Amino acid sequence: MELLVVQLLLTLGLAVLLFLAIFRLTTRNSRPAPTPTVVTDPDIARLMLSDHADAFSNRPTAHYPADFSESHSINSVPYGPTWRALRANLMADILHPTRLGLLLPFRQEAVAALIANLSTQAPGEAVVRNSLHAAAFALTVRICFGDGVGECYVRAMEREVLQFITTFVEDSALLAGSSRLTRLLHWRRWLRFSGTFSRVSKIVLPVIAAQQKSRRTHGGTTGIRSYVDSLLDLRVPVSDDDAMATSKRPLTDKEIVRLVFEFLGANTESTVSCVEWTLAHLAIHPEIQKKLRHEITSTVPHGKGTLVSEESLHRLPYLRAVILESLRLHSPVPLILRDVSADDAAICGTPAASADGAPVLFVADIREIGRSTKAWMDPDKFCPERFLAGGEAEGVGPVPGPKEIRMLPFGAGRRYCPGVGVGMVQVGCFLAALVREFEWSLPANCDSIDLTEFRAFFMVMKTPLRARITPHTVTT
Ligand code: HEM
């Protein structure tokens, strides 16, 4: 009898211990996410990002795996001297408008590879995303590293970038708010996510080392100066407290890897997302496609090897209108995030959501602002004409001016996208070539295209676009 009681007590004790252990596992590290103040009104967005640009110039820290957090990207670095140095390097050295012409041969080759790839599927039904991604990524790698990066390295980098951006939203939520038990249950995902930086470093660092060796051998850069060249030469302030940035240092390997990873994603994914959304609308609206093709073929001579250049893009107002309309409806980056002090939040007439004086998270919803009935007539309709002379949005460009915000696909204020020029040109080049070479129409037995959105790191089509493509010269 006594033995039975002891056994019972032991079992009960073990059960209590097990319960406590599980409770501890499930509750530790569960931090409630801050409640964001979501802005969908274009006038409030202007008040924040234009009128109070300095106050709204910091992003919240995203939840990256630990070794990501040891270095910064331009996107993540706090507003200050280091941000200024990194951003100026990208804008003045690599993405400067005068350099865009130098990159034309790279773009021509990427576009030609894409057309050749799709031609093998035409006439017929094609899923364009993978071929488009491969072409855009190869172009990005050349701008980033210069020539001579082996195909296997290119594909390995592409795989890592794709994996990261498709699963980032879910994975970072796992990192931010979930319990240890949840992490334990999702251990495979957890390991893959937290190992991203070291895998990327293993691919990227040997490529950079080869580049450094070549620079030493040739006494400097050969060919077109790459982003990595600029990062190797860059000196950043030793401390952000030193406003005059008097003492400087080179970037560490980790910092270079992080910046390279950001560049590979930013230059590729938004381009691919925008081109895919636009092609979907062109397949749905054959009359818009016809008008666009007419503008392209009558403006740009079609000789062998002749492709749309940025120079000719300036003479294609309808193409620009089509791209802007696509970006208004489907901004590849869906949200603008800002971390603001409680006092600055109050400036905008928004009650501070943090009682303890902690920074307030502001989220400007790019998608909702682009579709606001306050700023747009018939906002859900795909109508590029609104951007043409005499249209309701004549004069509206990719980045808003200081007086009015009607759409902001490249953001606004101090942290607006530095890649706006190159982004518009790349999207324009891919689209112009794809529309000139092929007729895009709905697949057989379909009366429309599924435009459901999927919010990953970027806003993409949930179902990759499948369309019927016919070489333009072939009559159907
Ligand atoms: C269609 C093309 C693109 C779109 C729609 C786009 C959109 C955006 C948006 C909405 C932001 C946030 C802006 C804000 O918070 O106010 C951003 C930031 C950024 N983008 Fe882009 N982007 C594009 C292309 C590019 C390209 C080609 C690059 C570089 C190669 C680039 C690099 C960056 C960087 C580094 C930031 C962070 C800027 C900072 O914090 O100072 N983007 N982009």
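The values are calculated or read from the model by the stated rules, or taken from the named source; none is laboratory data. Everything numeric in this text was worked out from a predicted model, so none of it was measured. Here Cβ is always computed from backbone atoms with ideal geometry, including for glycine, and neighbour counts include all displayed protein chains. Each accessible area value is taken on the protein alone, full model and side chains, heavy atoms only, with ligands, DNA and RNA left out. Shrake-Rupley method; radii C 1.70, N 1.55, O 1.52, S 1.80 Å.
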Confirm whether ARG87 is loosely packed, with under 15 Cβ neighbours inside 10 Å and within 30 Å of LEU337 (Cα to Cα). no
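Could you check segment 365-403 and list, in sequence order, the residues that are more than 25 Å from THR271 (Cα to Cα) and β-branched (Val, Ile, Thr)? Give the steps one after another, and end with the answer.
Restricting attention to segment 365-403, the residues satisfying the condition of being more than 25 Å from THR271 (Cα to Cα) are 373-375, 377-378, 389-392, 402-403.
Result: THR373, single match.
Please enumerate the residues belonging to segment 69-80 that are in contact (Cβ under 8 Å) with a residue 12 or more places away in the chain and open to solvent by 20 Å² or more (accessible area, probe 1.4 Å). Please lay out each step first, then the result.
Looking only at segment 69-80, we keep the residues that are in contact (Cβ under 8 Å) with a residue 12 or more places away in the chain, and these are 70-76, 78-80.
Result: GLU70, HIS72, ASN75, SER76, PRO78, TYR79.
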Screening ALA342, ALA358 for residues that are away from the ligand (no atom under 16 Å from the Cβ), in contact with a Gly (Cβ under 7 Å, 6 or more places away or on another chain) and either more than 30 Å from ILE288 (Cβ to Cβ) or open to solvent by 40 Å² or more (accessible area, probe 1.4 Å) (or both) leaves only ALA342
Next on the checklist: Given the condition open to solvent by less than 60 Å² (accessible area, probe 1.4 Å), of a type in the set (Ser, Thr, Tyr) and within 18 Å of PRO65 (Cβ to Cβ), answer yes or no: does some residue in segment 203-226 qualify?
Outcome noted: no
Of the residues in segment 54-76, those that are aliphatic (A, V, I, L, M) and modelled with pLDDT under 95 come to ALA55, ALA62, ALA66
Worksheet item: Has segment 279-296 got at least one residue that is touching a helix residue (DSSP H, G or I) at 6+ places or on another chain (Cβ under 7 Å) and within 16 Å of the ligand (Cβ to nearest atom)?
Response: yes
Of the candidates ASP242, ASP229, the one satisfying the condition of being among the acidic types (Asp, Glu) and surrounded by 15 or more Cβ atoms within 10 Å (Cβ to Cβ) is ASP229
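With the structure loaded, tell me whether LEU175 is open to solvent by 70 Å² or more (accessible area, probe 1.4 Å), over 19 Å from VAL154 (Cα atoms) and among the aliphatic types (A, V, I, L, M) or whether it fails that test. Break it down into steps so the answer makes sense when it comes.
On the way: open to solvent by 70 Å² or more (accessible area, probe 1.4 Å): no; over 19 Å from VAL154 (Cα atoms): yes; among the aliphatic types (A, V, I, L, M): yes.
Considered against the rule, which asks whether it is open to solvent by 70 Å² or more (accessible area, probe 1.4 Å), over 19 Å from VAL154 (Cα atoms) and among the aliphatic types (A, V, I, L, M), LEU175 comes out as no.
Could you say which residue among GLU439, GLU385 is modelled with pLDDT of 95 or more, part of a helix (DSSP H, G or I), away from the ligand (no atom under 16 Å from the Cβ) and farther than 30 Å from THR35 by Cα?
Numbers: GLU439 fails: part of a helix (DSSP H, G or I).
When all the criteria are applied, what remains is GLU385.
For ARG180, are the conditions met, namely being farther than 18 Å from PHE263 by Cβ, touching a residue at least 40 places away in the same chain (Cβ under 8 Å) and within 16 Å of the ligand (Cβ to nearest atom)?
Numbers: farther than 18 Å from PHE263 by Cβ: yes; touching a residue at least 40 places away in the same chain (Cβ under 8 Å): yes; within 16 Å of the ligand (Cβ to nearest atom): no.
Considered against the rule, which asks whether it is farther than 18 Å from PHE263 by Cβ, touching a residue at least 40 places away in the same chain (Cβ under 8 Å) and within 16 Å of the ligand (Cβ to nearest atom), ARG180 comes out as no.
Please work out which residue is nearest to the ligand (Cβ to nearest atom), limiting yourself to segment 365-382 and to residues that are aliphatic (A, V, I, L, M) and out of contact with any strand residue (DSSP E or B) (no Cβ under 9 Å at 6 or more places or on another chain). Break it down into steps so the answer makes sense when it comes.
To start, the set of residues in segment 365-382 that are aliphatic (A, V, I, L, M) comprises 366, 369, 375, 377.
Filter once more, so that each one left must be out of contact with any strand residue (DSSP E or B) (no Cβ under 9 Å at 6 or more places or on another chain): 375, 377.
Working: ALA375: 17, MET377: 23 Å.
Among those residues, the one meeting the criterion is ALA375.
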| query | Does ALA126 satisfy the condition of being in a helix (DSSP H, G or I), more than 12 Å from the ligand (Cβ to nearest atom) and in contact with a helix residue (DSSP H, G or I) (Cβ under 7 Å, 6 or more places away or on another chain)? | reply | no
When segment 124-172 is checked residue by residue, the ones that are under 18 Å from the mean Cα position of the chain (by Cα), farther than 30 Å from HIS472 by Cβ and open to solvent by less than 10 Å² (accessible area, probe 1.4 Å) are CYS144, MET157, VAL161, ASP171
For segment 256-293, the count of residues that are of a type in the set (Asp, Glu) and within 16 Å of THR196 (Cβ to Cβ) equals 2
Checked against (1) at pLDDT 95 or above; (2) in a helix (DSSP H, G or I); (3) under 30 Å from ALA88 (Cβ atoms), PRO400 satisfies every condition except (2)
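So which of GLY423, GLY397 ends up being under 30 Å from VAL340 (Cβ atoms) and more than 12 Å from the ligand (Cβ to nearest atom)? Break it down stepwise before answering.
Details: GLY423 fails: more than 12 Å from the ligand (Cβ to nearest atom).
Answer to the check: GLY397.
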Going through segment 444-453 in order, the residues found to be in contact with a helix residue (DSSP H, G or I) (Cβ under 9 Å, 6 or more places away or on another chain) and either open to solvent by less than 10 Å² (accessible area, probe 1.4 Å) or assigned to a loop (DSSP other than H, G, I, E, B) (or both) are SER448, ILE449, ASP450, LEU451
